[in-house]
Amino acid sequence: MTDLILVVEDEPKIAKLARDYLEQGGYRVLAAGDGTTALATFRRDQPDLVVLDLNLPGM
């Protein structure tokens, strides 16, 4: 099974760039635009890796 990566980024263009790049590398990618959604997605899908925007509002 392909590794699952969660990208947490509030800037849509950066999130899309990261998602596209990772998908080209063969990864499955989920995206969240805020901390609340990221935590819910993490709990539900249990990704193998989280790429987190450290300046994310509300975190």
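The values are calculated or read from the model by the stated rules, or taken from the named source; none is laboratory data. From a predicted model like this one, the values you see are computed outputs, not experimental measurements. All Cβ positions, even for glycine, are placed from backbone atoms using ideal geometry, and neighbour counts span all protein chains on display.
Selection of region 31-48 for residues being modelled with pLDDT under 95 and exposed (fewer than 13 other Cβ atoms within 10 Å of the Cβ) yields only Thr36. Number of residues in region 1-17 that are closer than 12 Å to Val50 by Cα, surrounded by 14 or more Cβ atoms within 10 Å (Cβ to Cβ) and more than 8 Å from the chain's Cα centre (by Cα): the value is 1.
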